[in-house]
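Chemist: Let me give you the structure first, and then I'll get to my questions.
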Amino acid sequence: MSDQAEVNHVVHISTNIGVSCEHCSESIGVDRFAESINHYINEHGYKLLHVGQETSEGSDGLWHHSVAVLGR
């Protein structure tokens, strides 16, 4: 059985979106990308499933964002 088959809940972190942690009031995303990943791993027991990029289109062109998916 793969590790991903054991995942029941996932979170998505992006340098494009700032939110609060689903479990506490910690600021997640935007300019705290690495800290946000470490927060979910160290404070809430998540595993890193994927790191990559996504592209969104704005009024002034394309924007590239770093994203991470974590699960537990």
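No lab work stands behind these numbers, since they all come straight from the coordinates. Bear in mind the structure is a predicted one, so any value in this text is a computation, not a measurement. Note: ideal-geometry Cβ built from the backbone for every residue, glycine included; neighbour counts use all protein chains shown.
Chemist: In percent, what relative contact order does the chain have, based on Cα pairs under 8 Å that are 6 or more apart in sequence?
Modeler: RCO, the chain: 37 percent.
Chemist: Next question, about the same structure. With angles folded into 0 to 90 degrees, how steeply does helix 33-44 sit against the dominant principal axis of the chain? Use alpha carbons for both and round to 10.
Modeler: The helix 33-44 is inclined about 20 degrees to the chain.
Chemist: Where in the stretch 38-71 does the label zone of Val30 land, with the point 7 angstrom along Cα→C-beta and an amide N cut-off under 20 Å?
Modeler: 38-40, 54-60, 63-69
Chemist: DSSP loop (so not H, G, I, E, B), at most 13 other Cβ within 10 Å: list which GluC sites (Glu not before Pro) in the chain pass both filters.
Modeler: Those that pass, being in a loop and sparsely packed, are Glu22.
Chemist: Taking the chain as the region of interest, what is the percent of Cα-Cα pairs per 10 angstrom bin, listed from the shortest bin to the one with the maximum distance?
Modeler: With 10 Å bins starting at 0, P(r) equals 20, 49, 24, 7, 0.
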